[in-house]
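Peer 1: This is the structure, below, for whatever I ask next.
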Amino acid sequence: MKRNPMNDDDYTSNDAQIADLKAEVERLRDLNPWQPIETAPRDDTEVFVFEPGLKNDPDDKGFCDFASWVDGDWKSERGFSRPSHWMPVPELPPTGDGQ
């Protein structure tokens with residue numbers, strides 16, 4: 001007998017399922033925090049970006065940089081950027097003095 005996905009006896013509420021799925025998305029992001037650039041914040045939040053290398057140069061692997069969305073474009077210390085992926089700026093590691 002097939003389960004009825006609308007039967008509350010067989011499935012938890014939609015809210016609980018959504019909460020579980022959101023938790024799983026966060027868990028997976030922790031495994032690989034790189035996300036498509038289309039999902040990056042479009043405000044002045046600084047994020048860590050990856051810009052692919054030149055397609056016609058196999059030795060050019062690309063580079064990472066810090067960038068922000070400003071005036072409709074990605075900008076970094078290097079100038080304009082064309083990143084393909086982003087992730088939140090990671091926390092700094094603890095210093096040797098225990099802080």
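None of the figures in this text is laboratory data; all of them are computed from the coordinates on show. Since this is a predicted model, take the numbers as computed values, not measurements.
Peer 1: How high is the relative contact order of segment 33-88, given as a whole-number percent (alpha carbon pairs under 8 Å, six or more residues apart)?
Peer 2: Numbers: 104 pairs, mean separation 25.1, N = 56.
Relative contact order, segment 33-88: 45 percent.
Peer 1: Strictly greater than 18 Å: what percent of every Cα pair in segment 33-88 meets that?
Peer 2: Working: 419 of 1540 pairs.
Percentage above 18 Å: 27.
Peer 1: Search the structure for amide H atoms under 5 Å from the amide H of His85, placed 1.01 Å from N in the peptide plane, and list their residues when 5 or more places away or on another chain.
Peer 2: Under 5 Å from the amide H of His85: Ile37, Phe50.
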